[in-house]
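**Student:** Following this message is one structure expressed as structure tokens.
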Amino acid sequence: MSETPSEYAVPQGVHPFPHRHLVGIAGLQPWEIGFLLDEAEQWIALNRATAKHDDRLAGLTQINAFFENSTRTLLSFEIAGKRLGMDVVNMHAAQSSVKKGETLLDTTATLNAMRPDVIVIRHDASGAVQLIADKVDCPVLNTGDGRHEHPTQALLDALTIRRRIGRINGTIVTICGDVLHSRVARSNMLLLATLGAEVRVVAPPTLLPPAVERMGVTAFTDFDAALEGAEVVMMLRLQLERMAGAFVPSAREYHHFYGLTRERLGRATKDALVMHPGPMNRGIEITSDVADDPRVSAITEQVEMGVAVRMACLDVLTRQRRGVEGWA
Amino acid sequence: MSGIGTLAIRNGRIVDPVAGTVTEGGVLIRDGLIEAIGDIEHGLFRKSDVVADARGALIAPGLVDVGVFAIDPLAASAGGITTSLLMPDQAPPLDAPALIRQAASFPAQAMTVVPFAAATVALAGKEMAEIGLMKRAGAVAVSTGRGWIADSGLMHRLMTYASAFDLIVVTHAEDGSLTQGAVATDGEMPSRLGLPSAPAVAEAMAVARDLMLAEETGARLHFRQLTTARAFDLVRAAKRRGVRVTCGVSPAHLLLSDSAIGPFKTFARLSPPLRGEDDRKATIEAVRDGTVDLLCSGHDPRGPEAKRLPYVSAEPGMAGAETLLTLALTLVKDEVIGLPRLFALLATAPAQLFGIAAGRIAVGAPADIILVDDGKPWKIAAEALAGQAGNTPFDGLPVQGRVLKTIKAGQPLD
């Protein structure tokens, strides 16, 4: 079912992933993305087996430094690290000295001094992860910085699309919702455009980033038009508490124009795939009958692919320090 | 070279912004004043005079830098600045006569510091500060500081009141309700980086309002830094109508567009922020056609505690004093303006505007003079800057032209 790896084959004599960190999709070559997706494939079967252990990263320490609250992503990274045999520790901002006014770089120096082998970071400020990556001795994996990037989400979405549709190149993907504030949208736009998909973004004009078309996508404000012929419909979470009255008049009005309903989905291709990074606002951006229909919804599969993709990223980023042949 | 001395500088090229000329020759300085100008080979100086050979360097008036945020004498003298006009954004804000007096009392042998008075108490934009008393204490203008006064009624009263004292109102031109929370200008780079941004028109909106109020009240208005085509269009038209308006620009906005902020370079976070390429080019055109009245550094030295932060949390501002002249010289190299005009924008015009005895090479004028090798190549290095901090977005840039010596009131500074 998965596409021929040759489509994004690593060119002769080129290292498949020469990066120390994974801070974003920006700057990645198509074959580097393809390589991570190929690497993730092997972990899907393991994750479905009863005994889910592969201890190739045994002895390494993974710190999940979450300066912003998260449940699902933190859990996904914790499981990914543990299945590869790592000692995984979590740092929540709520428990940390960040609350006592310590600067981000002082906190970073403290984490670094404990000699982790990989740090997974979420932070509410765009660029915070890059700032940290420049100051630590180990690989850094961005799991969301402000509205900038969330690369593993884009990778798991791509893996899901590749497995369900068979290709990414040429696929028509419609991303709908709060694109302006969404790191998920940014990473997805970059990744899908890099791999040759036709990417459409649709939102109320107040929730489209300025000059968004410069990122290789087509912008719409009419959801019906944006859905015409779409093979993948990716819905974004509307942050209700921030949006209502400021960027859109009300949740009710938003749902009327930008909510994905069964009827509206009829404009997309017959077997279009519906995706959502979660957590969903049922009845706002998506209705339950669409979200819960296993024939169209890939939402739980996205979560499953998330663990596999994160295992692949943790494995690849730590290869150099583990002295894996060809990586040291 | 200590004490009251005489100093003869010969073999230079004298830049006279008033006459618009560059002529070979020298100057004779006695008791802190310029005593003679011209060909001093012919017996102008006495045997007791200290004679310095400029070796073909430019002899130009010391720069008058309008709207700095810190008193930073080392950065100033390294950059050829002999007079700094200080913004009221200090701790505490310069909103009372005693604070103005204190700021103005900075020892003048190193650099003249001329303070701007805070237009409102604590710069909060709510109540008018004692601007008449602050003028008597030494303030040469009133300033809204880093911020914009949102209350149009207050701004109207402020301009009306200030015009009675013939005080220039120096404003920051950004509509604060549009720029609230924004750290960049709407465009591709901030969108890619996921940084909150505001439309560039926020500047023109503020300019339009303040121009209307200046026209209505007859007040003198100065925009500290303008950066957009639409704002320059408004100022250009207002000047034609006879509105008493002037504006400044900084080299950063002449040389950098907002692509310089990527990836998350906090040293390029400025206020007003860097703009798109079209606005950058419009800024150069506004210098060329005379819409711009002066060039200023916006000097705002910031340490790591203000800059080594995520972009949205970092403070705006750049250390600009030391590189002001060097960067501005690109306008001459690119044939936008000539050397005399450049020094008019950097010294003569700002001095004249704010009524300061500086900015001229003339007999009897204070000997605030700089020697400049306008062809000397060097590379800007943030770590090597002489001032309080090295937060320059130009780190690593190869440039041409450097201040060789800064002479304040006849005394060469180290």
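Read-outs throughout are calculated quantities, based only on the coordinates presented, and are distinct from any laboratory measurement. As the structure is a prediction and not an experimental result, all values here were calculated from the model. Positions of Cβ are generated from backbone atoms using ideal geometry, with glycine treated the same way; all protein chains shown enter the neighbour counts.
**Student:** Within the set A:LYS135/B:LYS307; B:LYS376/B:LYS405; A:LYS135/B:LYS265; B:LYS307/B:LYS379; B:LYS281/B:LYS307, which residue pairs have Cα atoms separated by over 24 Å?
**Tutor:** Violating the 24 Å limit, Cα to Cα: B:LYS281/B:LYS307.
**Student:** Of the DSSP beta bridges with both residues in the range B:62-353, give the percent that are antiparallel, rounding to the nearest 5.
**Tutor:** Just about 5 percent of them are antiparallel.
**Student:** Also, quick follow-up: Longest exposed-loop-site-free stretch of chain B, with GluC sites (Glu not before Pro), DSSP loop and at most 13 other Cβ within 10 Å?
**Tutor:** Maximal segment without exposed cleavage sites: B:128-334.
**Student:** Another one. For the range A:244-310 and the range B:177-198, what is the separation of their Cα centres, given in Å?
**Tutor:** Between the Cα centre of the range A:244-310 and that of the range B:177-198, the gap is 28 Å.
**Student:** Report, to one decimal in Å, the Kirkwood hydrodynamic radius for the range A:207-273 based on all distinct Cα pairs.
**Tutor:** Hydrodynamic radius (Kirkwood, Cα pairs) of the range A:207-273 is 13.3 Å.
**Student:** Normalise the Debye intensity by I(0) for the protein assembly as shown, one equal point scatterer per Cα, no solvent, then take log10 at q = 0.08 Å⁻¹ and round to two decimals.
**Tutor:** Ignoring solvent entirely, the Cα scatterers give -0.75.
**Student:** Using θ = phi - 60° and the Karplus relation 6.51 cos²θ - 1.76 cosθ + 1.60, list the HN-Hα couplings for the range B:280-294 in order, rounded to whole Hz, with x at every Gly or Pro.
**Tutor:** Once rounded to whole Hz, the list reads 4, 5, 5, 5, 4, 4, 5, 6, 4, 8, x, 5, 7, 9, 7.
**Student:** Sort out for me the Cα centre separation of the range B:205-252 from the range B:47-74, rounded to whole Å.
**Tutor:** With the range B:205-252 and the range B:47-74 each reduced to a Cα centre, they are spaced 31 Å.
**Student:** Summing -39500 (n - 2.57) over the DSSP H runs of n ≥ 4 in chain A and dividing by its residue number, what mean residue ellipticity at 222 nm do you reach, to the nearest 500 deg cm²/dmol?
**Tutor:** After summing the helix terms and dividing by the residues of chain A, the value is -10500 deg cm²/dmol.
**Student:** Helix B:152-164 against the longest principal axis of chain B: what's the angle in degrees, Cα atoms only, rounded to the nearest 10?
**Tutor:** Computed tilt is about 30 degrees.
**Student:** Mind giving me the nanometre distance, one decimal, between the label points for A:HIS15 and A:LEU240, set 7 Å out from Cα along Cα→Cβ?
**Tutor:** 4.8 nm
**Student:** Something else now. What are the aspartates and glutamates whose alpha-carbon lies under 12 Å from the alpha-carbon of B:LYS408, with same-chain residues fewer than 8 places away excluded?
**Tutor:** B:ASP31, B:ASP368
**Student:** Going by the alpha-carbon gyration tensor, a ≥ b ≥ c the square roots of its eigenvalues, is the range A:139-185 rounded (a/c under 1.5) or, if a/c is not under 1.5, prolate (a/b greater than b/c) versus oblate?
**Tutor:** oblate
**Student:** List, largest first, the extents of the alpha carbons of the range A:131-252 along their principal axes, each in whole Å.
**Tutor:** Cα spread of the range A:131-252 along its principal axes, largest to smallest: 47, 38, 24 Å.
**Student:** Between the range A:16-57 and the range A:185-215, how far is it from one alpha carbon centroid to the other, in angstrom?
**Tutor:** Centre-to-centre distance over Cα atoms comes out at 24 Å.
**Student:** Moving on. For chain B, what is the mean residue ellipticity at 222 nm derived from helices alone (per DSSP H run of n ≥ 4: -39500 (n - 2.57); sum divided by total residues; nearest 500 deg cm²/dmol)?
**Tutor:** The per-residue figure over chain B is -7000 deg cm²/dmol.
**Student:** Of all beta bridges DSSP finds with both residues in the protein assembly as shown, what is the antiparallel percent, to the nearest 5?
**Tutor:** 30 percent
**Student:** For chain B, rounded, prolate or oblate, judged on the Cα gyration tensor with a ≥ b ≥ c (square roots of eigenvalues), a/c < 1.5 rounded, else prolate if a/b > b/c?
**Tutor:** prolate
**Student:** At a Förster distance of 56 Å, what's the computed FRET efficiency of A:ALA51 paired with B:SER259, Cβ-Cβ distance as r, to 0.05?
**Tutor:** Given R0 = 56 Å and the Cβ-Cβ separation, E is 0.60.
**Student:** Can I get the semi-axes of chain A's equivalent ellipsoid? Compute them from the C-alpha gyration tensor as square roots of 5 times the eigenvalues, in angstrom, largest first.
**Tutor:** Working: eigenvalues 203, 113, 64 Å².
Taking √(5λ) for each eigenvalue gives 32, 24, 18 Å, largest first.
**Student:** Hey, another quick one. Measuring from label point to label point, each 7 Å out along Cα→Cβ, what is the B:LEU178 to B:THR21 span in nm?
**Tutor:** Going from the B:LEU178 label point to the B:THR21 one covers 4.6 nm.
**Student:** Check cross-link reach from A:LYS52 to the lysines: straight Cα distance under 17 Å, and skip same-chain residues fewer than eight apart.
**Tutor:** Within reach: A:LYS82.
**Student:** Something else about it: Say each of A:GLU263 and A:ALA328 gets a label point 7 Å from the Cα, pointing the same way as Cα to Cβ; how far apart are those two points in nm?
**Tutor:** Label-label distance for A:GLU263 and A:ALA328, simple model: 6.5 nm.
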